[in-house]
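Encoded as structure tokens, the structure appears first; notes follow it.
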Amino acid sequence: MKRDYFGTDGVRGPYGGPVINVDFAARLGGAAGLWARRQHPAGGRVLIGRDTRASGEPLAAAVAAGLVAAGLEPVALGVVPTPAVALRVRASGAILGAVITASHNPAADNGIKFFAFGGVKLTDEEELAVEQLLPVLPPKPVGPLAAEDAEEFYVESLRSLLPAGALAGWRIVLDTANGATCVTSRRVLHSLGAEIWGIGDAPTGDNINAGVGSEHPGRMAALVSAGGARLGIAHDGDGDRCILCDELGVVLDGDEILTLLAVHALNRGTLAQNTLVVTVQSNLGVDAAVRAAGGHVVRTFVGDRYVGESMRATGATLGGESSGHIIQAELSPSGDGLAAALKVIQVMLETGRPLSELRRTLVKFPQLSAALTVRQKTDLADCRNLQEVMAALERELGTRGRVLVRYSGTEPKLRLLIEGPDEATVQAGLRRLEAAARQDLEVTT
């Protein structure tokens, strides 16, 4: 059965719209609370974190009202990164965690996502079960919530990943997207001895992700190359993503980060199950590099929670997405942008090699992508022209490339991707895909 509200990473939409509003948030909190009570009949605590959006406070209060109606005890964590919530849920034994965030989306949007007991994201089936409970409980008004300091616990946990003073003499450009990591990432890096040049570190409630962060790494890259920094680190609004920049000002995506971490671990015999888990979105060069180092790659649907599910099923401890979600299961049950950056820094320290050299671990297949905003998400099987072009391209590419066409799980967009043996082939292929999509769908941009 199809879910009506949950996408690839929680529920998202414009604040004040038909879904993301205080009434729906209260209902969703109540439904999630009832679901959690089925797993834990005695009840328990639910930890609620949020990013810096102005709409975060009223939505968090509404979710808390629903949870109280379900007989649970909501606890406010305030503004903290998403991975801090997941880590604290796991460490404290809370039965549920909730984060009010729309991640990399603009400030006008917001969203709600949940972590089950142990700090892991809900599966598709669990989200469907929550949706089926939506009409059951009316929310109850609540007074001030109990509060808990998850920030200090998170900072101490991350600081311990490197020896004291490990970054003395390092200059790092840090872009925190005017979001939830503005305090925590700076604190951790500075405590390890780094000199921090910060951007995107003055949240106002309506400037999260606005021209900064992992979706907009240009300012970070320019500052790194101009200022002689060792590297740049960019988060998204809630801190579960990491995009890096080497000392030359060249940006690294999640595929490059995952590949260098996986190959480094394989060379030392420390990659669990010799396995890296990625999504279908990742470049085919990842498979080639990992295979050459003696490992293998498992691919999942797009979405870091599918990566996490596959990691738990296979015993793998490293996985993620090209977008910069990096999951290191020995450190956290969730994608954690700062933890990923620290592990890359650890590789730099151990090898004595700059990031501009380490990134060469991955040689990418030529790849192009596009995102078309559509009026309606028509079933792709009914898009005759698009299906014909996809089939033709797959025949032409054979083993030298691939085609991926899918709808976004959080936005009204059709995403097109093609890889091939050379730039000319992928450029021509993408033009054919776009033209076919415009024939079958009402594209608004």
**Report entry** Single residue of Ala164, Ala180 found to be in contact with an Asp or Glu (Cβ under 8 Å, 6 or more places away or on another chain), assigned to a loop (DSSP other than H, G, I, E, B), modelled with pLDDT of 95 or more and not assigned by TED's automatic domain parsing to the domain that holds Thr101
**Finding:** Ala180
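Answer with yes or no whether Ala64 is touching a residue at least 24 places away in the same chain (Cβ under 8 Å), over 20 Å from the mean Cα position of the chain (by Cα), under 17 Å from Gly118 (Cβ atoms) and in a helix (DSSP H, G or I). Steps first, please.
Working: touching a residue at least 24 places away in the same chain (Cβ under 8 Å): yes; over 20 Å from the mean Cα position of the chain (by Cα): yes; under 17 Å from Gly118 (Cβ atoms): no; in a helix (DSSP H, G or I): yes.
No; evaluated as a whole, the condition is false for this residue.
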Query raised in the report: Scanning region 1-30 for residues that are surrounded by fewer than 24 Cβ atoms within 10 Å (Cβ to Cβ) and of a type in the set (Gly, Ala, Ser), which turns out modelled with the lowest pLDDT?
Result: Gly7
Report summary line: Per the filter on region 36-61, residues more than 24 Å from the chain's Cα centre (by Cα), more than 16 Å from Ala150 (Cβ to Cβ) and of a type in the set (Lys, Arg) are Arg37, Arg38
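Of the residues Leu331, Leu368, which is touching a helix residue (DSSP H, G or I) at 6+ places or on another chain (Cβ under 6 Å) and part of a strand (DSSP E or B)? First the steps, then the outcome.
Working: Leu331 fails: part of a strand (DSSP E or B).
When all the criteria are applied, what remains is Leu368.
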Report summary line: Going through region 206-234 in order, the residues found to be touching a residue at least 60 places away in the same chain (Cβ under 8 Å), in a loop (DSSP other than H, G, I, E, B) and within 23 Å of Lys343 (Cα to Cα) are Gly213, Ser214, Glu215, Arg230
Requested in this report: Look through region 234-267, keep the residues that are among the small types (Gly, Ala, Ser) and under 14 Å from the mean Cα position of the chain (by Cα), and return whichever of them is nearest to Thr82 (Cα to Cα).
Outcome: Gly239
Query raised in the report: In region 369-426, what residues are hydroxyl-bearing (Ser, Thr, Tyr), more than 29 Å from Tyr5 (Cα to Cα) and either surrounded by fewer than 18 Cβ atoms within 10 Å (Cβ to Cβ) or touching a strand residue (DSSP E or B) at 6+ places or on another chain (Cβ under 7 Å) (or both)?
Result: Thr399
Query raised in the report: For region 302-317, does any single residue satisfy the condition of being more than 22 Å from Pro83 (Cβ to Cβ), modelled with pLDDT of 95 or more and among the β-branched types (Val, Ile, Thr)?
Result: no
Query raised in the report: Looking at (1) part of a loop (DSSP other than H, G, I, E, B); (2) crowded, with 24+ Cβ neighbours inside 10 Å; (3) among the aliphatic types (A, V, I, L, M), which is the one condition that is false for Val136?
Result: (2)
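Do we find that Ala108 is under 16 Å from Glu131 (Cβ atoms), under 22 Å from the mean Cα position of the chain (by Cα) and not charged (D, E, K, R) in this structure?
Working: under 16 Å from Glu131 (Cβ atoms): no; under 22 Å from the mean Cα position of the chain (by Cα): yes; not charged (D, E, K, R): yes.
In short, no.
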Query raised in the report: Out of all the residues in region 222-236, which are more than 14 Å from Pro354 (Cα to Cα) and crowded, with 24+ Cβ neighbours inside 10 Å?
Result: Ile233, Ala234, His235, Asp236
Report summary line: When Arg353 is run through (1) buried (at least 17 other Cβ atoms within 10 Å of the Cβ); (2) more than 30 Å from Thr425 (Cβ to Cβ); (3) among the charged types (D, E, K, R), the failure sits at (1)
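Please pick out the residue among Ala329, Ala316 that is farther than 21 Å from Leu404 by Cβ, buried (at least 21 other Cβ atoms within 10 Å of the Cβ) and in contact with a Leu (Cβ under 9 Å, 6 or more places away or on another chain). Talk me through it step by step, then tell me what you get.
Numbers: Ala329 fails: buried (at least 21 other Cβ atoms within 10 Å of the Cβ).
That would be Ala316, the only listed residue that is farther than 21 Å from Leu404 by Cβ, buried (at least 21 other Cβ atoms within 10 Å of the Cβ) and in contact with a Leu (Cβ under 9 Å, 6 or more places away or on another chain).
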Requested in this report: Output the number of the condition that Glu152 fails; it satisfies all remaining conditions of (1) more than 29 Å from Tyr15 (Cβ to Cβ); (2) assigned to a loop (DSSP other than H, G, I, E, B); (3) of a type outside the set (Phe, Trp, Tyr).
Outcome: (2)
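Quick one: how many residues across region 414-440 are of a type in the set (Lys, Arg) and in contact with a Lys or Arg (Cβ under 9 Å, 6 or more places away or on another chain)? First the steps, then the outcome.
Step one: list which residues in region 414-440 are of a type in the set (Lys, Arg), which gives 415, 431-432, 438.
Going one step further and asking which of them are in contact with a Lys or Arg (Cβ under 9 Å, 6 or more places away or on another chain), we end up with 415.
Looking only at that region, the number is 1.
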Requested in this report: Spot the failing condition for Pro83; the list is (1) under 15 Å from the mean Cα position of the chain (by Cα); (2) farther than 21 Å from Ala202 by Cα, and only one is missed.
Outcome: (2)
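The values are calculated or read from the model by the stated rules, or taken from the named source; none is laboratory data. Remember, it's a predicted structure, so these values are computed and weren't measured experimentally. Here Cβ is always computed from backbone atoms with ideal geometry, including for glycine, and neighbour counts include all displayed protein chains.
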